[in-house]
């Protein structure tokens, strides 16, 4: 498991090309909390957003992820 440190991810790919590298969800959630909490008027709205994000992070099929990320962006965009 890694965070989104590109050098480490690239090294894993070179040394262990068939390994599955998982993102460290705790780190992702911490970064989202730091960056996104202030964008919500109510904590309940942010909690709902985090629930949606965590479901998104658990998707393992690329096509499902791509479809779901579009839905999520539309749901939480300021213009949508």
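The values are calculated or read from the model by the stated rules, or taken from the named source; none is laboratory data. Note that the structure is a prediction, hence the values are computed from the model and not measured. When we count neighbours, we look across all protein chains shown, and the Cβ atoms used for this are built from the backbone with ideal geometry, even at glycine.
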Just checking, how many residues over the range 55-64 are in a helix (DSSP H, G or I) and in contact with a helix residue (DSSP H, G or I) (Cβ under 7 Å, 6 or more places away or on another chain)? 2
Count of residues meeting criterion [assigned to a helix (DSSP H, G or I) and either exposed (fewer than 10 other Cβ atoms within 10 Å of the Cβ) or in contact with a strand residue (DSSP E or B) (Cβ under 9 Å, 6 or more places away or on another chain) (or both)] in the range 27-52: 6
Restricting to the range 53-80, count the residues that are surrounded by 14 or more Cβ atoms within 10 Å (Cβ to Cβ) and at pLDDT 80 or above. 5
Considering 3, 41, which residue is closer than 28 Å to residue 77 by Cβ and at pLDDT below 85? 3
Check on residue 8, in a helix (DSSP H, G or I) and within 12 Å of the chain's Cα centre (by Cα): no
